[in-house]
Structure formats: structure tokens, C-alpha cells
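Below is one structure, written out as C-alpha cells; comments come after it.
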Amino acid sequence: MGWSLGGSPEASATRTGHHRSVGVARVALSIEVDRDGDLISGRMTLANGQVRTFTGRLGLFSAIDDEIENVAPQGAPEGTEDVDR
């Protein structure tokens, strides 16, 4: 029962007439984070074994966002559209 910030666990993530199963792409990532005080760094391993390193929270978010974009680029053909748009 996951939910996003500002949402409610009881609220549906889809709008009427939209089905979440259409165009859903799943991304498998393994993330290892090292913390030194307020600084984080680490490694993100993709399903294919490729490793990407990152530094800082912005680096982590950017690495995740890049991998999501590689799987389902914005402006992708119909059927992969985000249901929240």
C-alpha cells in the first residue's frame, strides 16, 4: 500500500477511464548508499549488472531518473503515457 507525498494511501493513483497496466515499464535497481555525516555517495546496479556511482542526494535522484528515462522516454509512443498527466 504505497503512496506518494501529499497523497493518501486510500486514494487511487489512476483517474477514471485510465488503467495503470497500459504501458507500464518496470525498472529493477539495486542501490547501495554510504553516509559520511550529511554527505551520501554510493553505487546503483542495474538489472544487467552495469554499475553507476553517484555523490549526493541530487546525484542519486539524477541516476534514478536517468535509468527511468532510458526505459520509458518522455514523449514515447502512445501506450507508455504517464497516467497522472
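Quick note: the coordinates plus some simple rules give every number you see, no bench work behind them. Everything quoted here is computed from the prediction, not taken from an experiment. For neighbour counting, all protein chains shown are included, and Cβ atoms are generated from backbone atoms with ideal geometry for every residue, glycine included.
Some points to look at:
- Added length on full extension, which subtracts the Cα-Cα distance from 0.36 nm per residue, residue 57 to residue 24: 9.3 nm
- Per-residue Cβ neighbour counts within 10 Å put 45, 53 in the sequence 53, 45, beginning with the fewest.
- For segment 28-42, Karplus couplings with θ = phi - 60° (6.51, -1.76, 1.60), whole Hz, Gly/Pro x: 9, 10, 10, 10, 10, 10, 9, 10, 10, x, 8, 8, 10, 8, x
- Shape call, segment 29-71: gyration tensor on alpha carbons, a/c limit 1.5: oblate
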